[in-house]
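The values are calculated or read from the model by the stated rules, or taken from the named source; none is laboratory data. Nothing here was measured: the structure is a model prediction, and the numbers come from that model. Virtual Cβ from ideal backbone geometry, glycine too; neighbours counted across all protein chains shown. In case anyone asks, the SASA skips ligands and DNA or RNA and just uses the protein heavy atoms, side chains included. Shrake-Rupley method; radii C 1.70, N 1.55, O 1.52, S 1.80 Å.
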Amino acid sequence: QVQLEESGGGLVQAGGSLRLSCVANGRTFSNWHMGWFRQAPGKEREIVAAISWSGGSTWYVDSVKDRFAISRDNAKNTVYLQMNSLKPEDTAVYYCAAANYRRSYAAPLNYDSWGQGTQVTVSS
């Protein structure tokens with residue numbers, strides 16, 4: 001497994017932007033697909049965006065398409081989530097997660113290494 005640490009969460013007004021970062025330690029970063037998940041109070045955790053090990057493929061849940069962008073820098077062992085046009089319904093704890101590159105990057109159940117999460121709060 002790989003150790004993950006998120007940063008970049010905070011409080012922002014609706015319409016604003018945030019960029020989340022997740023640094024990985026412990027194993028070769030390019031051996032891992034990376035994903036961002038979120039969990040709002042009283043709701044199940046959901047996958048928001050995912051990126052393949054090479055960065056060549058990405059996936060987004062419909063609710064964030066055209067607003068969020070996932071990217072990675074394998075030289076820095078870091079994955080990013082740029083969040084624009086934020087809405088109050090984006091409020092959640094956001095988690096970074098990793099899946100072995102041999103598995104599908106778009107399948108949430110393949111993610112088995114997790115960070116501790118970072119809170120994102122969007123005020124109306």
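Before moving on, here are some points about what is shown:
- With a simple spin-label model that places each label point 7 Å from the Cα along the Cα-to-Cβ direction, the separation between residue 3 and residue 25 comes to 0.4 nm.
- Two-decimal Rg/Rh across region 33-88, once Rg and the Kirkwood Rh are taken from alpha-carbon atoms: 0.99
- Distance-filtered residues of region 47-76 - backbone nitrogen under 16 Å, label point 7 angstrom along residue 101 Cα→Cβ: 51-58, 72-76
- Percentage relative contact order, region 25-124, counting C-alpha pairs under 8 Å, at least six apart: 30
- Distance from the C-alpha centroid of region 1-20 to that of region 77-120: 10 Å, rounded to the whole angstrom.
- Within the accessible area of the chain (1.4 Å probe), percent carbon and sulfur: 44
- Accessible surface computed residue by residue for the chain, with neighbouring protein chains in place and a 1.4 Å probe, gives 52 Å² per residue.
- Largest to smallest principal axis extent of the C-alpha atoms in region 66-122, angstrom: 36, 24, 22
- Dipole magnitude of the chain about its Cα centre (Cβ charges: Lys, Arg +1; Asp, Glu -1), debye to nearest 20: 220
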